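Working notes for the structure below.
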Amino acid sequence: MEILSQIWSFLGLLTVLQNILPTQLLSVLHSCYESIQDFFSPYSYFEIPEFNGYCGVDVNDLYRHVNLYLNSINSSSTCPRLTLSRSKSSKSISYTLAPNHTVNDTFCGHHFSWTHQVDNVQDSVEEKRSFTLKLPKRHRLELLKPYLEHVTARAEEFERVSRERRLFTNNGHGSYESGWSSVPFRHPSTFETLALEPELKTQLMDDLTAFSEGKDFYHKIGRAWKRGYLLYGPPGSGKSSLIAAMANFLCYDVYDLELSKVSDNSELRALLIQTTNRSIIVIEDIDCSINLTGDRMTKTRNNHSMHKKNRHVIGDNAEDNGRVTLSGLLNFTDGLWSCCGEEKVIVFTTNHKDNVDPALVRCGRMDMHVSLGTCGMHAFKVLVKNYLGLDSHALFDVVESCIRSGGTPTPAHIGEILLRNRRDADVAVKSVLTAMQAKILGADMDATEGGHEYDDMARSPESIARRLMESPDNWPEGSPEKKKKKEGSTWEKNVKFLVRLRSLTKSDSGRRGV
């Protein structure tokens, strides 16, 4: 009791002194006490405030990184109290340390701790927030810088993976503060669900991984940290789905650039500057957006006649000043302006590679040329797995024979057939097989050649069966089959091949109960 009485007396004395002594003297005494405590303490303390300076306007980026870093590690195992939150646009739950609580961490065999300090500002409803880092004093010089670099790198990676991705499109006002408008990007396409052959899929994933981890390499060789892809193939071959899978794989935003909305080269540069790091810039149907190749040919012809009529050159230059030119687009992809920002992927798509100006797709601008065409067997199995949930089927061997004979439609067409018949797996696979047989027979997919006969055949397997069982001489005049028969013996070989497939299909169906 005597000891407690002495303690209470001492606390009472401190209270009296605090009321009597000037504030300046109390501040000096407090600083002296902290200095003595720091001198004998084996730890060093570093404070990271929420704002830089004293005005409370400039946000401290390191404070934000520490907050993200503590989200990325499993803080709940070492901290008894956390503050949970979730924004309307995010599906993930984020948390911060509760006020004046501590979480422990380890780095290079040493122990660290983070304390979230929250103090009330006098005569204000605002709060003063900061993180206090405690680390061993003996190793602070060798540990502080690499540990903070580790915190920043981990925080940036966590932010890249966890943040909500956006799909941007230009709104026709690129010269203003923001020439882009956006919506949440929630496309479900991934490399696991993509109908691609395994070799190409692995090659793309390895290339994207090497690019995203190549910051030091690109800086060392003196190149802008960007990568170009040219995706070409017929409509429905999966170009847009591949772009979405790339964005989901890298966790990048997507900027869909519509060149027809861009008024001139200045607006194009302004749009490029407004794009963020870690993004994919897409220009679809590059051969159809603007007539770049035709413009260059016209300009070349005008330059040849420059000595005859100078007014042609003047008119041409005036025209270039009011629209996007090939030179402006080249500077956008590979010029000095392309160095604005880092970690950007530029993707061009086209249905006809030969129609694209060679200057746009040369080495150094489009680093990878990816050919997307009809389905291979592996891609077909991926589609069947996605739409029907099947890993195998009795007719897979027959489908593979049709694929080897060149009877494969595009992935989009196969997906449409499978989607339409997804309630019955057998009917779905047979309908795809019928479409392949129709392609081998030569049923034209183009409406100008034969309407939608190709689709009608795919919807009606019996029509193909009847054609195969009939004699070619009995086929109606003007039909694609009759025309093909008159052209040569290749058509007859295809018909015989399909007759054998028909018998094989029947035997497999009877033997396996399909």
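The values are calculated or read from the model by the stated rules, or taken from the named source; none is laboratory data. All values reported here derive from a predicted model rather than from experimental measurement. Cβ: placed from backbone, ideal geometry, glycine included. Neighbour counts: every protein chain shown. To get the accessible areas, we keep the full protein, side chains included, count just its heavy atoms, and leave off ligands, DNA and RNA. Shrake-Rupley method; radii C 1.70, N 1.55, O 1.52, S 1.80 Å.
When the residues of region 420-432 are narrowed to those that are touching a helix residue (DSSP H, G or I) at 6+ places or on another chain (Cβ under 6 Å) and under 22 Å from Ser237 (Cβ atoms), which ends up surrounded by the most Cβ atoms within 10 Å (Cβ to Cβ)?
It comes out as Val432.
Since Asp455 meets every condition but one in (1) open to solvent by less than 70 Å² (accessible area, probe 1.4 Å); (2) at pLDDT below 50; (3) in contact with a Lys or Arg (Cβ under 9 Å, 6 or more places away or on another chain), which condition does it not meet?
(3)
Look through region 129-162, keep the residues that are modelled with pLDDT under 85 and open to solvent by 70 Å² or more (accessible area, probe 1.4 Å), and return whichever of them is nearest to Thr83 (Cα to Cα).
Looking at the filtered set, the residue picked out is Val161.
Out of Asp264, Asp253, Asp206, Asp216, report the one residue that is within 25 Å of Pro411 (Cα to Cα) and out of contact with any Asp or Glu (no Cβ under 8 Å at 6 or more places or on another chain). Quick ask: steps written out before the conclusion?
Details: Asp264 fails: within 25 Å of Pro411 (Cα to Cα); Asp253 fails: within 25 Å of Pro411 (Cα to Cα); Asp216 fails: within 25 Å of Pro411 (Cα to Cα).
The match here is Asp206.
If we keep just the residues of region 53-111 that are at pLDDT below 70 and touching a helix residue (DSSP H, G or I) at 6+ places or on another chain (Cβ under 9 Å), which is least open to solvent (accessible area, probe 1.4 Å)?
Cys79
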